Amino acid sequence: MRTLVEKAAKDLVTSKYAIALTGAGISTESGIPDFRGPQGIWTRNPEAERKAYQSYQKFINDPKRYWEERLSEDRDHGWWGELERTQPNSGHYALAKLEKTGILKRILTQNVDGLHLKAGSRKIIEYHGSIFKLRCTSCVSRFKRETIDLRQLKREDKLPPRCPKCGGIIKGDGVSFGEPIPRDVYQQSINEVELCDVMLICGTSAVVTPFANLPRISRRREATIIIEVNLEPTPLTNSISDYLIQGKTGELLPKIVETIETIRQEQEQLL
C-alpha cells in the first residue's frame, strides 16, 4: 500500500496536467448515502429508484405537473437542506490542496452535493449537475436555486419556471436518468480527459455511463497514467487503470498529499 501511495505521489508530482474523477464513494465518508450500496437509498427504497427512472420523462411530457409534484412532495427541499448541512471530509480537502499547489488542474465529479466547492476546490466540472442550481433546458444557463422562488411561482400558477435569459423551461440542474449530459459539460469533460497525462479516479464504481467512459477515452492515449483510489475494484481495474490503491479515499488521498509534500521538500533541499 505504501509503495503504491508513493508511486501515485511521484506520478502526480511529475505530471503536466493531472485531473481527478470523483463519485459517490468520496461523499459517503461525509455521511451521504450512496444509491446502490448495501445501505443505499435505492437498496432500501426500490420505489424511489423507480420514480427516479421516470422523472425525466415526466418533465418532458408535462413540465408544469413535474414541478407541481416535486414542490408538493417537498422532496427537493428536504434533500437540499440535508446536503447544505453536510460537510466535506479529508478526501475532499486533499483534492482541494492538490489544486491549490497547482498539481490538480480539474475535478470532474458525478456528485451533485457541492462538497468539492465547500472544501475549497474551484476548478470543478459537475458532470451530473448540482442540487443547488437550476438549469435552462434551452440555453443551458444556470442559476442558484434561491434566485428563483419556485413556491411563489406555484402559488401564482406560473409553473414551470422560465429562463430569464431566453424564456426556455427550467429544470433542476441535476441530470436525471434518460437525460442527455448538458452539451457544455459534455464537451468540457471530453477536452479534459483528452488533455490529461495523469487521471486520479476516486470513489466511483465506474458503472454509470457516460461518465464511466471518460477513463476509456483517456486510455486511448498510451502516455496517460490512470490511478484508481477506490474501496473495491471496478470494471476499470483490470483493463483500463494502471494501478489500484484500495481503501477509503478519506484516508488514502491525504497520504498521497503528504507524500507529495515530502517529495517537494526533498527537491527543494537539492536546489
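Rule-based calculations on the coordinates, nothing more; no lab input. Remember, predicted model here, so these are calculated numbers, not experimental data. Note: ideal-geometry Cβ built from the backbone for every residue, glycine included; neighbour counts use all protein chains shown.
The calculated 222 nm mean residue ellipticity attributable to helices in the chain amounts to -13000 deg cm²/dmol, summing -39500 (n - 2.57) over DSSP H runs of n ≥ 4 and dividing by all residues. Antiparallel beta bridges, as assigned by DSSP with both residues in the chain, represent about 25 percent of the total such bridges.
Neighbour counting of Cβ atoms within 10 Å sorts the residues Thr259, Thr22, Thr209, fewest neighbours leading, into Thr209, Thr259, Thr22.
In terms of surrounding Cβ atoms within a 10 Å radius of their Cβ, Leu117, Leu21 rank from fewest to most as Leu117, Leu21. Couplings for segment 137-151, taken from phi via the Karplus curve 6.51 cos²θ - 1.76 cosθ + 1.60 with θ = phi - 60°, read 6, 9, 9, 6, 5, 10, 9, 4, 4, 6, 7, 10, 7, 5, 6 Hz in order; Gly and Pro are left as x.
Which is the longest stretch in the chain that no exposed loop site breaks, taking sites as GluC sites (Glu not before Pro) with a DSSP loop state and at most 16 other Cβ atoms within 10 Å? Counting at most 16 other Cβ atoms within 10 Å as exposed, the longest clean stretch of the chain is 1-155. Scanning residues 5 or more positions from Ile125 or on other chains, those with amide H under 5 Å from its amide H are Ile107, Leu108, Thr109, with H placed 1.01 Å from N in the peptide plane. Each semi-axis of the equivalent ellipsoid for segment 174-269 is √(5λ) with λ an eigenvalue of the Cα gyration tensor; in descending order they amount to 27, 16, 14 Å.
For the pair segment 189-230 and segment 104-159, the centres of their Cα atoms are 24 angstrom apart.
When exposed loop sites are taken as trypsin sites (Lys or Arg not before Pro) in a DSSP loop with at most 15 other Cβ atoms within 10 Å, the longest stretch of the chain clear of them is 37-121.
Both radii are taken from the alpha-carbon atoms of segment 186-226; with Rh as the Kirkwood radius, Rg/Rh is 0.93. In segment 98-200, the convex hull through the Cα atoms has an average projected area of 7.7 nm², a quarter of its surface area. By other beta-carbon atoms within 10 Å, ranking Ser241, Ser138 with the fewest at the front produces Ser138, Ser241.
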